[in-house]
Amino acid sequence: MGFFDSLLGKRAEKELEISSILPKEIFKASVLELKDIIAPSALKVTPKELNLGEKILRSFFVISYPRYLSESWFSPIINLDKVFDVSIFVHPVETSKVLRQFQKKVAEVQSQIHTREEKGLVRDPMLDVAYQDLENLRDSLQQAQEKLFDVGLYLTIYADTDLELDKIESEIKSILEAKLVYVKPALFQQEEGYKSTLPLGEDLLNVHSKLNSSPLSSLFPFTSFDLTSDKGILYGINRHNSSLVLFDRFSLENYNSITFAKSGAGKSYATKLEILRTLMFDTDVIVLDPEREYEYMAETVGGRYFKISLNSEHHINPFDLPMPAPDESSANVLRSQIINLVGLFRLMMGGLTAEEDAIIDRAITETYALKDITADSDFRNVEAPLMSDFELVLSGMEGGESLAQRLTKYTKGTWAGFINKPTNVDINKKFVVFSLRDMEDELKPIAMYIVTHYIWNAIRKELKKRLLVIDEAWWMMKSDDTASFLMGLVKRGRKYYLGVATITQDVDDFLKSPYGLPIITNSSIQVLLKQSPTTIDKLQQTFNLTDEEKYLLLESDVGEGIFFAGLKHVAIKVIASYTEDQIITSDPSQVLAIKKARQEELQLKDNGAASTTTTPRT
């Protein structure tokens, strides 16, 4: 019994020891570490590829290069729209060691050349070229103009199926072999190849080619098409390589931009996002808003919002004169104002004959003279005349009675409240919006002309960095006078530190105008978002788009397209943060949700204020 008792005692001690260890092991097993999260669900290594979770991988290495490597030869691979990893390992080689090897190699090549000469054989061009290349490289190495490196270039491609993987492999090989660069799969070394392309800095394949400095520089990996600069605002993400499209419109030869997109493609969204980011860089922004899309944004950023309509409390007198700049004379300012007013009356009266044009010109001059405004006077503190003053002068002139009659609706009729009153608009703010949504369609071109003319006078008064946004610019392209004035803004804006952003969805109306193409050519930034099949051919011809770019615009999603800046262009996707999206969204469902949330917030505040109000006892 003593033996069994002792045995049972030892067993009990062992069980006690296991029971004390077991909870620790169970606790450790339940701990989730970072590597457990990022690790694939399974891994299978085969001679030809790797199965990593749900993905199939295949690694390659470059075995041969041509005699000459052109600049950016690697760009087609870098910009390939596929998922792959690239690793470039550069191992410097000691120059003294290389020179000793070169001496032997040069001697071998010389010996082969002499042997062929002694045998009377025809000269071998390959040997002559090899000898010349060796000598040139040896000279460059001795003079420290070049260095030699062991270079390993490895690629790992990813796919969901074997068929897709073979297709990507074939595409990469065809691109490289067209440039006489040959690759091979890392057979039986797929694991080493994959680890070599991971961001670990480990060269486990060790398949190297010797390259000197010049051809090695052509391997520089950041050769993809991008528009990333050291200053400017974020316009979006490069759809080819996910780089940032950072640009400053005020760094180009002119500061203008033009945006074409079909309805609902995100043009106003992209514009509002640019405005929001531009305001952070000490730039004043003025917007002509024909659809009341910028009201909430103006309230949010503390700007001013003017509603221009027949019943509006905001008025602009088209006879207002700008203050002459230090380098301008009063005569030039008055002459320019009269020319602009003649254009306005041509628009208001549906066209003028040559005789009527002359009468209008003379009547404007006399109307200013009634207020002591002449080419020789100082009109800085003089009150400008009104439309009714002009009508009075016009009716008293020979041949002006019919013109005055046509003008009556703007001075005494239903449209009198629009422009027959003194100006009471002040745009001395960082962000100013003029809304024209409530203006009748017949009057919208006239209203846009008057507002832009007023803005132009204010811009000339003080030199500041400004951005003028003209949304739905096709309204201004309907008339030659308004289109001509818009082109004048685009051409002359740079002198006054002004960028004009023209936005339109009606491509046909815009390009039919004789001023449409000049406005495009005078805009350094051009943005094409999703397009309609009916207009894409005209845009392709205007912007010299390739067929691939044409189909990209047809198949783009909302906020996607092509961004042109100077001579460069990239495929872009406009992305906003959550806060920015809440400020600039035009989606009706989102706008309703935001308004509802604001109303609930105001109601809660009112209820809270009411509950805290108490009646004092007497």
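Observations, loosely collected:
- Residue in segment 562-572 that is modelled with pLDDT of 85 or more, in a loop (DSSP other than H, G, I, E, B) and either more than 18 Å from L273 (Cβ to Cβ) or not charged (D, E, K, R) (or both) present: no
- Looking across segment 488-513 at every residue that is surrounded by fewer than 21 Cβ atoms within 10 Å (Cβ to Cβ) and not in a helix (DSSP H, G or I), the one that is modelled with the lowest pLDDT is identified as D506.
- Residue identified as modelled with pLDDT under 85, assigned to a helix (DSSP H, G or I), crowded, with 18+ Cβ neighbours inside 10 Å and more than 45 Å from the chain's Cα centre (by Cα) among L394, L407: L407
- Matching option when the condition is among the aliphatic types (A, V, I, L, M) and either within 20 Å of L467 (Cα to Cα) or within 37 Å of the chain's Cα centre (by Cα) (or both), among A331, A265: A265
- Verdict on E202 being closer than 29 Å to E94 by Cα and either of a type in the set (D, E) or not in a helix (DSSP H, G or I) (or both): yes
- If the condition is being within 17 Å of the chain's Cα centre (by Cα) and without any contact (Cβ under 8 Å) to a residue 12 or more places away in the chain, then segment 516-568 contributes only L567.
- If the condition is being at pLDDT 85 or above and under 16 Å from S523 (Cα atoms), then segment 240-250 contributes D248, R249, F250.
- Residue match in segment 472-486 (condition: in contact with a Pro (Cβ under 6 Å, 6 or more places away or on another chain) and either assigned to a strand (DSSP E or B) or of a type in the set (D, E, K, R) (or both)): yes
- In a residue-by-residue description of segment 138-154, the property of being of a type in the set (S, T, Y), exposed (fewer than 14 other Cβ atoms within 10 Å of the Cβ) and in contact (Cβ under 8 Å) with a residue 24 or more places away in the chain applies to no position.
- Test: residue in segment 228-235 that is among the polar types (S, T, N, Q), at negative phi and modelled with pLDDT of 90 or more: no
- In segment 205-221, residue surrounded by the fewest Cβ atoms within 10 Å (Cβ to Cβ) [restricted to those that are modelled with pLDDT of 80 or more and assigned to a loop (DSSP other than H, G, I, E, B)]: N206
- R292 vs. criteria of a type outside the set (S, T, Y) and either buried (at least 16 other Cβ atoms within 10 Å of the Cβ) or at negative phi (or both): no
- Residues in segment 170-199 that are part of a loop (DSSP other than H, G, I, E, B), among the polar types (S, T, N, Q) and loosely packed, with under 15 Cβ neighbours inside 10 Å: there are none.
- Taking the numbered list (1) assigned to a helix (DSSP H, G or I); (2) over 22 Å from L153 (Cα atoms) in turn, K44 passes all entries but (1).
- Leading residue by the ranking (surrounded by the fewest Cβ atoms within 10 Å (Cβ to Cβ)) among those in segment 457-475 that are of a type in the set (A, V, I, L, M, F, W, C) and in contact (Cβ under 8 Å) with a residue 60 or more places away in the chain: A458
- Number of positions in segment 514-556 that are part of a loop (DSSP other than H, G, I, E, B) and farther than 12 Å from A261 by Cβ: 10
- Test: residue in segment 334-342 that is aliphatic (A, V, I, L, M), loosely packed, with under 15 Cβ neighbours inside 10 Å and closer than 18 Å to H453 by Cα: yes
- Residue satisfying condition, being crowded, with 18+ Cβ neighbours inside 10 Å and in a loop (DSSP other than H, G, I, E, B), within set A265, A270: A265
- Matching residues in segment 304-318 - criterion: being in a loop (DSSP other than H, G, I, E, B) and crowded, with 21+ Cβ neighbours inside 10 Å: I308, I316, P318
- Tally of residues being farther than 17 Å from E293 by Cα, modelled with pLDDT of 85 or more and part of a loop (DSSP other than H, G, I, E, B) across segment 438-471: 2
- Taken together, I233, I175, I168, I157 contain a single residue that is of a type in the set (A, V, I, L, M, F, W, C) and within 27 Å of the chain's Cα centre (by Cα), which is I233.
- Evaluated against (1) more than 19 Å from V490 (Cβ to Cβ); (2) surrounded by fewer than 23 Cβ atoms within 10 Å (Cβ to Cβ); (3) in contact with a helix residue (DSSP H, G or I) (Cβ under 9 Å, 6 or more places away or on another chain); (4) of a type outside the set (F, W, Y), E253 falls short on exactly one condition, (1).
- Within segment 56-85, the set of residues being surrounded by 15 or more Cβ atoms within 10 Å (Cβ to Cβ) and either part of a strand (DSSP E or B) or touching a strand residue (DSSP E or B) at 6+ places or on another chain (Cβ under 7 Å) (or both) comprises I56, L57, R58, S59, F60, F61, V62, Y65, F84, D85.
- Filtering S484, S479, S523 for residues that are surrounded by fewer than 22 Cβ atoms within 10 Å (Cβ to Cβ) and modelled with pLDDT of 85 or more leaves a single hit, S484.
- Output for segment 573-593, where each listed residue is surrounded by 13 or more Cβ atoms within 10 Å (Cβ to Cβ), modelled with pLDDT of 85 or more and either small (G, A, S) or touching a strand residue (DSSP E or B) at 6+ places or on another chain (Cβ under 7 Å) (or both): K573, V574, I575, A576
- Here V425 meets each of (1) closer than 30 Å to D509 by Cβ; (2) among the aliphatic types (A, V, I, L, M); (3) outside any loop (DSSP other than H, G, I, E, B) with one exception, condition (3).
The values are calculated or read from the model by the stated rules, or taken from the named source; none is laboratory data. Everything quoted here is computed from the prediction, not taken from an experiment. With ideal geometry, Cβ positions are generated from the backbone for all residues, glycine too; neighbour counts draw on all protein chains shown.
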